[in-house]
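To keep things clear, I will list the structure first and then write my remarks on it.
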């Protein structure tokens, strides 16, 4: 009976195959190295292939893992051969691709990436929705071969402007991680245009500028001011977004370090100081800002006499570590006999070198830790 089934498959006679399979439950459609399945794939007969695999599943409800893997691998090998290693997968019928997705999802994923590499937007549009849990990984791989048209198609497939903004932001992150910084900024801009209330692309765009496009080696004041605008925009949407204050402080310090004029250097250092203080005021319990305390201490050491610094030091601060730090600074300006010390710079310099029980934290982790807070804005 198997030889008859094989003949029917070779002839592409679906009715014959279907009738034969309905007459018995004892056929092993996988014998002879899955010859019947191979024939169905060679003929691109989704009807025969579907009938064979459905028959196998119904009559082998709990097949050994090795056997199912053998069928999947065989199916994958044959489809790969038939489609010339995925370069013509788009020529398969939708029914055939459905079978490939169901039985060999790894093969369909490979096909998705290969077709993306060749800018086959139609095949990508068909396959991408089948991998909702792997969106980030897929975008990461597509970013490596810079398939911008495909990325745009994936973003446009989303059902809402907010989801589209999220995908644009993910694309920007993937490009950023692959060192394609300028293009990453373009996709962050698209995310912002899609949903101006979505905070994350503002922060990631600004981070990208500060970390990659506005470093000390290639400082650009125009880009720095663009980054400042986006950090402030994020704070405008969520005034308690402490990571944004922290990042803004880092930016101001970067600007200060690139100023040749001492008054401008101090101006931006004090702006950084205020941002760090705001970061501490708004920090959540689950986040540590030990690196911020260190930067505050450093700025106070340099600009202790600044009116803004003195005002904050002298005011009430609802933060135990800041209270301790400011108390140290205040006491540090008094000698052992109680008389005023005219020059406190040496004392402050020594204090800045002291251990302050810091546990350095990853700034990106801070941002991730607050993502749940800001995505609902």
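The values are calculated or read from the model by the stated rules, or taken from the named source; none is laboratory data. Treat the numbers as computed from the prediction; the structure is a model and nothing was measured. Because the Cβ atoms are built from the backbone with ideal geometry, glycine has one as well, and the counts that use them run over all protein chains shown.
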Open item on the list: For the range 16-31, which positions are within 23 Å of residue 102 (Cα to Cα) and either modelled with pLDDT of 85 or more or surrounded by fewer than 21 Cβ atoms within 10 Å (Cβ to Cβ) (or both)?
Closed with: 17, 18, 21, 22, 25, 27, 28, 30, 31
Task: Evaluation of residue 287 against (1) modelled with pLDDT of 75 or more; (2) assigned to a loop (DSSP other than H, G, I, E, B); (3) surrounded by 12 or more Cβ atoms within 10 Å (Cβ to Cβ) (one fails), failing number - done: (1)
Task: Hey, residue 247 under 26 Å from the mean Cα position of the chain (by Cα), over 26 Å from residue 181 (Cβ atoms) and surrounded by 19 or more Cβ atoms within 10 Å (Cβ to Cβ) or not - done: no
Task: Residue in the range 165-177 that is surrounded by fewer than 15 Cβ atoms within 10 Å (Cβ to Cβ) and under 27 Å from residue 252 (Cβ atoms) present - done: yes
Open item on the list: Taking the conditions exactly as written (without any contact (Cβ under 8 Å) to a residue 12 or more places away in the chain, within 23 Å of residue 164 (Cα to Cα) and out of contact with any strand residue (DSSP E or B) (no Cβ under 6 Å at 6 or more places or on another chain)), does residue 211 satisfy them or not?
Closed with: no
TODO: Could you tell me whether any residue of the range 137-146 is in a helix (DSSP H, G or I), surrounded by fewer than 17 Cβ atoms within 10 Å (Cβ to Cβ) and at pLDDT below 80?
DONE: no
Open item on the list: Restricting to the range 252-263, name every residue that is farther than 19 Å from residue 297 by Cβ and in a helix (DSSP H, G or I).
Closed with: 255, 262, 263
